[in-house]
Every structure is written in structure tokens, then in C-alpha cells.
Amino acid sequence: MTNAMNSYIIGSQLDECLRACIEACNCCIQACNECFDVCCQAPDVQDRAACLRQLRDCSDICALVSQMVARNSVNAKFLASICANVCDACAKACAKCQDACCQKCAELCRQCAEACREICCC
């Protein structure tokens, strides 16, 4: 029994496209959460309210999509298409800020949006 457990590779049931989406979503979650934390400490935090809401929405939808794809949900592709749009909106909001964390977050949001769109075609 131990050999069987040691030989199983998590994610082996998913094709590369789906694994890439999970990875992109997980990176986006981390970027959005870190950016949220940094922005909350900024002196102009009130001016960032709209962006902060985008960051939370993006992180939440990415977490849901990551889980749905991992469990091969019949709704994963549908939610991934929504996630792509949310990631695009978050990227646009973050790109307006010149902070390094916001610029990096915008980049990772764009990558996640692309990965989510790709699974819609898998």
C-alpha cells in the first residue's frame, strides 16, 4: 500500500492546460492578497478603495476556480471565463498604481486571465 501512495502524483489526472490554470490562479491569489496588504498600509489607502475591492474579488474567484478545476467540476470552465474577466479588471486597476507590488500583481492577473481563457478551449 505504501508504494502505491508514494507513486501517485497529485494533479496527474489533469492535462497540462488545467494544471497551468490552477498554478496561475494560485499565483494570482497570493499576488492579490499581498498587494491588498501593502495597499492597506499606504498613506493614500482611501484613494485605493476601488482597487482594494478588485483585489479581494480577484483573489476569491481565483481560489474558487483553482478548487473547481482541481476537482474536475463541470462548472470549472464556465467559472474560469468569469475569472478571466475579473482578473482583467483587477489588472487594469493595479496597473494604474506605480507601486512595484501593484505592477507585479497586474502582470500576474493578466497571466491568470490568459490561463483561464485557455481552459475554456481545452
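Each reported figure results from applying straightforward, stated rules to the coordinates on display, with no laboratory input. Predicted model, so just to flag it, every value in this text is computed and none were measured. Heads up, the Cβs are rebuilt from the backbone with ideal geometry, glycines too, and the neighbour counts pull from every protein chain shown.
What to note about this one:
- Enumeration of residues in region 39-70 that are β-branched (Val, Ile, Thr), free of Cβ contacts under 8 Å to residues at least 40 places away in the same chain and closer than 17 Å to residue 109 by Cβ: 61
- Here residue 65 does not fit the description of being more than 11 Å from the chain's Cα centre (by Cα) and either hydrophobic (A, V, I, L, M, F, W, C) or surrounded by 15 or more Cβ atoms within 10 Å (Cβ to Cβ) (or both).
- Region 13-30 residues that are touching a residue at least 60 places away in the same chain (Cβ under 8 Å) and more than 18 Å from residue 56 (Cα to Cα), paired with ones that are among the polar types (S, T, N, Q) and not in a helix (DSSP H, G or I) (beta carbon under 9 Å, 6 or more apart): 18/72
- Subset of region 43-59 (residues that are touching a Cys at 6+ places or on another chain (Cβ under 9 Å) and of a type outside the set (Val, Ile, Thr)): 48, 51, 52, 54, 55, 56, 57, 58, 59
- So residue 112, is it touching a residue at least 12 places away in the same chain (Cβ under 8 Å) and within 20 Å of residue 40 (Cα to Cα): no
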